[in-house]
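Read the figures in this text as sums done on the coordinates, not as results from a lab. All of these numbers come straight from a predicted model, not from anything done at the bench. FYI the Cβ positions are ideal-geometry reconstructions off the backbone, even for glycines, and counts take in every protein chain you see.
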Amino acid sequence: MLQDFKKFILKGNAVDLAVAVVVGAAFGAIVTALVKDLVTPLIAAIGGKPDFSNLSFTVNHSKFLYGDFINAVVSFLLIASVIFFFVIQPLNRLTALANRNKTAEDPSEKKCPQCLSSVPKAAKRCKFCTSNLK
């Protein structure tokens, strides 16, 4: 049983996942700090108050703190936009630049015109409907 556990832990997928979680947590802290320390004060300078946590209303002596919810939604939207514009968009551009000179590979399969099944490119007959292929 200990050997099975050792094999599981040392599998590439488990190690890769652990590294991804640690790097993701560190990156999340960076993005959260960027939004909290730079973007939110910028919005406050333009629009007024950056903290809505004191907003509330009372119904039958029950206090509803909807300001915390607004803070969470604004934080989420800011973090998502920062990730999209500063991570996803640049990576997409870099990927497009890296792949611009690559040509499409010659497919190893073709479609049978009769049954539309995938057959090897060099095949003379379809393995499903046995029709002649050109």
With 0.36 nm assigned to each residue of separation and the Cα-Cα distance removed, GLU109 to LYS124 gains 4.2 nm
The lysines whose Cα lies under 24 Å from the Cα of LYS124, excluding any fewer than 8 residues away in the same chain, are LYS110, LYS111, LYS134
Final fewest-first order of ASP51, ASP37 on the 10 Å Cβ neighbour count is ASP37, ASP51
One point scatterer per Cα, no solvent, Debye formula: log10 I(q)/I(0) for the range 86-134 at q = 0.13 Å⁻¹ comes out as -0.51
With N residues in the range 1-73, Rg(alpha-carbon) / (2.2 N^0.38 Å) equals 1.92
In the range 11-102, taking the dipole from +1 charges on Lys and Arg beta carbons and -1 charges on Asp and Glu beta carbons about the Cα centre, the listed residue (LEU38, ASN71, PHE52) farthest towards the positive end is LEU38
Out of VAL119, VAL74, VAL31, a Gaussian network model of the chain with alpha-carbon springs under 10 Å gives the largest mean-square fluctuation to VAL119
Ratio for the chain, C-alpha Rg to 2.2 N^0.38 Å, reads 1.96
Quick calc: nm separation of the 7 Å Cα→Cβ label points for ALA33 and SER62 -> 4.1
For the chain, the dipole about the Cα centre with charges only on Cβ (Lys and Arg +1, Asp and Glu -1), to the nearest 20 debye, works out at 1060
Note on the chain: contact order normalised by length, alpha-carbon pairs under 8 Å, 6 or more apart, percent, works out to 11
So SER131 and ALA80, fully extended at 0.36 nm per residue minus their Cα-Cα distance, gain in nm 13.0 nm
Filtered hits (lysines, Cα-Cα < 22 Å from LYS63, offset >= 8 within chain) -> LYS49
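What does the helix-only formula give at 222 nm for the chain: each DSSP H stretch with n ≥ 4 adding -39500 (n - 2.57), the total divided by the residues, and the result rounded to the nearest 500 deg cm²/dmol?
Working: 5 runs with 69 residues, N = 134.
Rounded to the nearest 500, it is -16500 deg cm²/dmol.
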TM-like helix rule applied to the chain (DSSP H, alpha carbon span at least 20 Å on the long axis, mean Kyte-Doolittle at least -0.5) gives 12-34, 66-83
